[in-house]
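Everything on this sheet refers to the single structure shown next.
Computed from the coordinates by the stated procedures, all read-outs in this text should not be read as laboratory data. Just so we're clear, the structure is a prediction, and the values are computed from it rather than from any experiment. All Cβ positions, even for glycine, are placed from backbone atoms using ideal geometry, and neighbour counts span all protein chains on display.
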Amino acid sequence: MIETPATISVILPLYNGERFVEAAVRSILNQTVGCFQIIAVDDGGTEPTLALVEAMRGMIEAGRHRLDVVVQGCNSGIAAARNAGAAIAEGPYVSWLDQDDLWPAERTATLLQALEKSGAEVVRGRMRFTDLSPGVFRPWVRDTWFRGDHTGYVLGALLCHLDVLARIGPLDSALRSGHDDVDWFMRLRKAQVPVVDIDAVTVIRTIHEANQSGRSRNDELLAAVRNHVQRSRGTS
């Protein structure tokens, strides 16, 4: 078991998340285990999202955590924001949290225990969806999302060692519509980094009218897959 607080860098991209961000930060502070370096990356939004996080600095520091801020000059996309946060992560562990998602209170304790027990370099939990507008039709939302829990193929579901980021490389900032994590997971697998999946929900994904997923482009997904195939063949 982890007997002393672990230092975990949490990369938190911000873009017009005024409605959600306070709850996201509180879900970090409500973890039962962990000493956190919260890295808030302002990606050039028009809402005062960063100001809301800054207003929580006293609460963050009172819990013996730390808030670091990165301000992007313009909106560069979530992958670029995540990369900017990763550049100042101190670790030894790293996690991600989107501004509109939440962590269950036992999330970090569960992942740290699994990481220590397994000897893996990445531990991935499961994700659960919650809908802020149930009954509202959105063509990109699938009913199956709300039927039980799902394998966490998103960065918000995992915990990894800091050095994994250097080995896998930055997220592809050209993938601006939400497929940067797909590409990263494929590179993680190609590099044969030990990953352990656990049967515990480690992120709650909030579905709403402004989700990044609603703006995802199939051509970017195909580009991510094509890049993976080319890397596998040694052609790029």
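Dipole magnitude for segment 1-133: computed about the Cα centre from +1 point charges on Lys and Arg Cβ and -1 point charges on Asp and Glu Cβ, it is near 340 debye. Residue-wise HN-Hα couplings along segment 11-20, as the Karplus relation 6.51 cos²θ - 1.76 cosθ + 1.60 with θ = phi - 60° gives them from phi, are 8, 10, x, 10, 7, 6, x, 3, 5, 10 Hz; Gly and Pro carry x. With contacts taken as Cα pairs under 8 Å and at least 6 residues apart, segment 1-125 reaches a relative contact order of 38 percent.
Choose one of Ser118, His161, Gly73: the residue whose Cα lies farthest towards the positive end of the charge dipole of segment 47-170 (beta-carbon charges +1 Lys, Arg; -1 Asp, Glu; about the Cα centre). With unit charges placed on the Cβ atoms, the residue in question is Ser118. For Asp199 and Glu22, what does the FRET efficiency come to when R0 = 25 Å and r is the distance between their Cβ atoms, rounded to the nearest 0.05? The pair Asp199/Glu22 has a calculated efficiency of 0.25.
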